[in-house]
1. What ranking do B:462-469, A:161-168 get when scored by the average of other Cβ atoms within 10 Å per residue, highest first?
2. Antiparallel versus total DSSP beta bridges in chain A: what percent is that, nearest 5?
3. The range B:70-105 to the range A:105-122: how many Å between their Cα centroids?
4. Within 10 Å of each candidate Cβ there may be at most 16 other Cβ atoms; applying that plus a DSSP loop requirement, which trypsin sites (Lys or Arg not before Pro) in the range A:368-447 survive?
5. Where a Cα-Cα gap under 22 Å defines reach, which lysines qualify for B:K309, not counting those fewer than 8 residues away within the same chain?
6. When A:D258, B:D90, B:D375, A:D30 are ordered from fewest to most other Cβ atoms inside 10 Å of their Cβ, what list results?
7. What order do you get for B:Y370, A:Y102, B:Y314 when you list them from fewest to most C-beta neighbours inside 10 Å?
8. At a 10 angstrom cut-off on C-beta neighbours, averaged per residue, how do the peptides A:268-275, A:18-25, B:428-435 rank from highest to lowest?
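Please treat every number below as a calculation from the coordinates, not as lab data. In this text the structure is predicted, and so the values were computed from the model without any measurement. Here the Cβ positions follow ideal geometry from the backbone for every residue, glycine too, while neighbour counts run over all protein chains shown.
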Amino acid sequence: MHPYLPATPEDIKEMLESIGLESLDQLFDDIPKDVYFNRELDMPKAKSELEVTTYLKGLANKNCSLSNLTSFLGAGAYDHYIPSIVDHIISRSEFYTSYTPYQPEISQGTLQYIFEFQTLIANLTGMDAANASLYDGGTAIVEAALMASAYSKKDEIIISKSVKPDARRILHTYAHAQNLKVIEVDIKDGATDIEALKGLVTDDTAAVIVQSPNFFGIIEDLKALGEVAHKGKKTTFVASVDPISLGILKKPGDLGVDVVVGEGQAMGMTLSFGGPYLGFMAVNKAYIRKIPGRIVGQTEDLDGKRSFVLTLTAREQHIRREKATSNICSNQGLNALAATVYMVTLGKEGLREVAEQSAKKAHYAFEQMTKSGKYKPLFNKPFFKEFAVTSDVDSAKLNDELRKVDILGGYDLGKSYPQFEGGVLYAVTEKRTKEEIDKLTSVMEGI
Amino acid sequence: MRNYEKLIFELSKPGRKAYMLPPLDIEDKEIKDLIPAEFVNDEELNLPELFEVDVIRHYTNLSNKNYGLDTGFYPLGSCTMKYNPKINEDTARYDGFANIHPLQPEDCIQGSLQLMSELEKSLCEIAGMDRMTLQPAAGAHGELTGIMLVKAYHEDRGDEKRNKIIVPDSAHGTNPATAAMAGYKIVEIKSTKDGLVDLEALKAAVGDDTAGLMLTNPNTLGLFDRGIKEIAQIVHDAGGLLYYDGANMNAIMGHARPGDMGFDVVHYNIHKTFSTPHGGGGPGSGPVGVKNILVDYLPVPMVNKKGEKYFLDYDYPKTIGKVKDFYGHFGIMVRAYTYILTMGSDGIKRASTMAVLNANYIMSKLKDYYNLPIDTQYMHEVVFGGLKGSSLSEVTTLDIAKRLLDLGYHPPTIYFPLIINQALMIEPTETESKETLDEFIEAMIQIAKEAESDPQLVKSAPHNTLVRRPDEVKAARDINVKYEG
């Protein structure tokens, strides 16, 4: 007997009798003989909990955990503080073992937290509405592009080279399948080259997509970029943002952005080797009925009681079949819950404090690092919590030296931007202490 | 707290805090001295002010308004709501898995890469495929990835005129949506009266413009398509590829493999077949397996081995690119691999056997009370077509579902597949005991009897839930998707 499989020999006998069969094998009579799999699966047999946990602990221990390292690595995934209560709430099995809330009578818990999540995201970004979340920040950018294309009935997407490389690569993959044309705008001093953008936006432009703070940590001038984007006819201006930055930076909704997307990992999610994370999307009014994925709406029940339901979008089996402009039918439910708990726990003061401390410590690290002149700023633009420096020091060697003192160094920009070979991107969150930053800069000085 | 009705925003009180950070340990400066004032927000954030106990009680109360698998039986057809083992939650939270940055150096992530590689091998063995990408985030995402691979294959061969994907009318709605997303035209073919692919219709539909066929087997009616080899032959002879929608993989593990049936590309729904939690709608995971002819096009990176070291291999010049940030939902992969190790080759096969036994048992007990449009043996799920004699009482499938709520059950999937009138799609899974099934059967029979004796009782259900039939029309008409205070 297996712990998850309850049928006893007696149960099996009674059930087969009821069905009118004599053996379990007959249950598979519909599988033709030449298709039936006649050997055992080539993998180990069942293992006990003790054996499984021992084995997996062994694998986990082959990784280097950030519990034993001081991380200055960001580039799209960040080591922010996670309040203890986040994991306690997402560990309630009434949340994590439930399905998509199709039966609203017994899913008000999920539906209400999604409604709260939508409200929090919309308020933080200054937009009219947000959806129930998307797979991650990269695919959220793509979904925004597809929505803009459907909205404008145009197929040309302009995206800045300062948008994270993974996201652009995903966009190219989808664009190829959908026959969309993607144009990448150059960067100038680490930010979107606005003059270059002016030359590219035409009446054929479906969307202009930028990221702020961008991949280099630089705060883009969303207002000015939006004005250029809106020179196009029915052109959607999309900004991907770090939600933590909105603790201190102006809301995209106040800067002329039509669609705000982003990666929500920083709001209460462990790094987990890259996922699952949380994509989000918030839009202004004109786009509410075009928004991909799920959205929860408030309504009333038969007794006039406030209640919540999935609305505007078809459920997955009925998703608009061949007329669909997105095939997304799930959301990142549990991650959206983590972000919700994070946002309300930090609250009005807390998110600002996290953002301020991150920005202040990042600027302190930047000053310390560039003081002697050995490391030079790669760009001369305002940044939030991440910045790039360049030097003659080999970045791989530098990171090896840092590892010796349990520091995880920055991201080698040469990997995705050959023109910035030798540049390293450092992320500093509120979790880093003065002592840790000083240790980082002293090793860098000493090399 | 029984009638807890508040939104989190309604608990807010100025001055409260639910967090504390260490004090800033560097010289403090004004933000506007660091970042130009034109970028800085001077307004207060529009977020609530709470203390920790409020937050915990609020979400605990919300959780009590949910019905999860740990609450009770969840026979949602096509969703494979099997038990989510607790050990999986523990392993995914191991420090060495949870606190790993995706861009750490390769010597620092050998454990993660080994896990991904071993998971890939297991998934390939179970499906009979050669390689598998773990990158897609969900089933629908896996579908899209798989169809992009089909497209890349034809394009690479210069076979440009293949612009159609064939989909049976019993398919999940995501299949045609996916094909449309990949730029294909959809050709829908009708099923036979037995719910299987109509071979003559298929022969008529294929041609030199066929890119592929998307098929679920067993199909959405819970029936194994015996003609699968012939189907594969017809599509392959026409130059198309076969796509396997793995939604119903839980029926056949260890008994049949899509790779052996002739499928070229397969997606799994990890959150169904391999017991990772549905999480109220995600995160899922949708790995895509392929035969050797498609390996070159897989998204990058793949996990490969050089000597004793695993590495992230980006050297696939013909790759379709990337479909997701980083490498996929690693936390979900840990859970799935934990499940595979726990079940083993014997347990996995047994799981499918028991899933099929449970579905047929329910079928045998309920077919005297509910219409069984296709009266045959089923695989892991059974589709009824409303109540027998329901024209008399006019009790609909929706009414039955709502009455089940009163009796403490999550209802089956309703009104799908579309080709069955008043569909009630029941998938019990293998992790339910005979006692649970018997109680559910009793509840279904009780409803059938009530439909005759007191139809109004059923039609006005539910009666004892926290809310009753929220108005979905109003929700879509008077859009209110954000709390306005």
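1. Most protected by this proxy first, the peptides run A:161-168, B:462-469.
2. On the way: 26 of 47 bridges.
Expressed as a percentage, antiparallel bridges in chain A total about 55.
3. Taking the Cα centre of the range A:105-122 as reference, the centre of the range B:70-105 is 22 Å away.
4. Values: sites: A:K371, A:K374, A:K385, A:K397, A:R403, A:K404, A:K415, A:K431, A:R432, A:K434, A:K439; in loops: A:K371, A:K374, A:K385, A:K431, A:R432.
Listed in order of number, the matching sites are A:K371, A:K374.
5. By straight Cα distance, B:K309 reaches A:K57, A:K62, A:K397, A:K404, A:K415, B:K121.
6. Details: A:D258 26, B:D90 16, B:D375 9, A:D30 19.
Ordered by Cβ neighbours within 10 Å, fewest first: B:D375, B:D90, A:D30, A:D258.
7. On the way: B:Y370 24, A:Y102 19, B:Y314 11.
Ranking B:Y370, A:Y102, B:Y314 by Cβ neighbours within 10 Å, fewest first, gives B:Y314, A:Y102, B:Y370.
8. Numbers: A:268-275: 26.6, A:18-25: 13.5, B:428-435: 21.2.
Highest mean packing first, the order is A:268-275, B:428-435, A:18-25.
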